[in-house]
Amino acid sequence: MIRKPPRHATEPKPEETPVVLPHAVITVTETGALGVTLDGIDVPPPEGEAWTRSTFGPLLDVLTRDRTITVRIEVHESDGTVFTDVIHARRRDRSEPPDTEVKTEDERETRIKSRSKRGPDLVEVTGEGFVPGEDVAVAVIVSHTDATSTGHARTLLDRGRLRSLLSDGGGEVILFGRISGTVHVRRLS
């Protein structure tokens, strides 16, 4: 009996999470400064600056290469508390190639409007107190958003999509900060 050699994919798909994730360790000092390593190698801050709690969002962008790779994050607080999370790479839309040119807000709005015949019935949900740049879960979990550099989070939800999830078309939405643990519950009306 002749055995066939095992088949191996020629290259991994970029959307797949690798078997071994890059591991970032962030150590918070008493002063609020952050010591950062990625796979045991120091990650220096931008020249003339220091990594601090207020630069956590830009730090996550550096560690994840602007959310193109998935990274395991471990935060060691000065009081001995340890938090861990996995920051996932954003999925690319397979229907169109990635944009290589910068588009104006008007061009983006026109492109979004042209994709659907009827615009969505959106409702805005906001909250504050999040760590800048942290991943914020939106529950009924229909999407995720990121906190801004000021620690605010914002998402737009399509009421039409929510009606299929909620029997009366109303209900509550939760914003949950995956790093800070900040929770905001908002009633939809």
In the set Ser114, Ser95, the lone residue that is surrounded by fewer than 10 Cβ atoms within 10 Å (Cβ to Cβ), assigned to a helix (DSSP H, G or I) and either at pLDDT below 65 or among the acidic types (Asp, Glu) (or both) is Ser114
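Mind listing just one residue for me: the one in segment 1-27 that is at pLDDT below 80 and of a type in the set (A, V, I, L, M) and, of those, most open to solvent (accessible area, probe 1.4 Å)? Write out each step before concluding.
Taking segment 1-27 as the starting set, the residues that turn out to be at pLDDT below 80 are 1-20.
Keeping just the survivors that are of a type in the set (A, V, I, L, M) gives 1-2, 9, 19-20.
Details: Met1: 221, Ile2: 163, Ala9: 90, Val19: 150, Val20: 117 Å².
Applying the filter and picking the extreme gives Met1.
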Note on segment 34-88: residues assigned to a strand (DSSP E or B), surrounded by fewer than 13 Cβ atoms within 10 Å (Cβ to Cβ), free of Cβ contacts under 8 Å to residues at least 24 places away in the same chain and not hydroxyl-bearing (Ser, Thr, Tyr) are Ile41, Asp42, Val82
Sole miss for Glu30 among (1) free of Cβ contacts under 8 Å to residues at least 40 places away in the same chain; (2) open to solvent by 70 Å² or more (accessible area, probe 1.4 Å); (3) more than 21 Å from the chain's Cα centre (by Cα) is condition (1)
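Being in contact with a Gly (Cβ under 6 Å, 6 or more places away or on another chain), modelled with pLDDT of 85 or more and within 17 Å of Thr27 (Cβ to Cβ): is that true of Thr52 here?
Spelling it out, Thr52 is indeed in contact with a Gly (Cβ under 6 Å, 6 or more places away or on another chain), modelled with pLDDT of 85 or more and within 17 Å of Thr27 (Cβ to Cβ).
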Looking across segment 124-143 at residues that are open to solvent by 10 Å² or more (accessible area, probe 1.4 Å), modelled with pLDDT of 75 or more and part of a strand (DSSP E or B), the single one that is farthest from Val62 (Cα to Cα) is Glu124
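Any idea which residue in segment 144-159 is farthest from the chain's Cα centre (by Cα), counting only those that are under 17 Å from Leu60 (Cβ atoms) and open to solvent by 30 Å² or more (accessible area, probe 1.4 Å)? Walk me through it before giving the result.
From segment 144-159, those under 17 Å from Leu60 (Cβ atoms) are 144-153; that's our starting set.
Pick out the ones that are also open to solvent by 30 Å² or more (accessible area, probe 1.4 Å) and you get 144, 146, 148-150, 152.
Details: His144: 7, Asp146: 5, Thr148: 11, Ser149: 13, Thr150: 16, His152: 14 Å.
This residue is Thr150.
The values are calculated or read from the model by the stated rules, or taken from the named source; none is laboratory data. Nothing here was measured: the structure is a model prediction, and the numbers come from that model. Don't worry about glycine lacking a Cβ; one is built from the backbone with ideal geometry, like all the others, and counts go over all protein chains shown. Heavy atoms of the whole protein, side chains included, go into the accessibility calculation; ligands, DNA and RNA do not. Shrake-Rupley method; radii C 1.70, N 1.55, O 1.52, S 1.80 Å.
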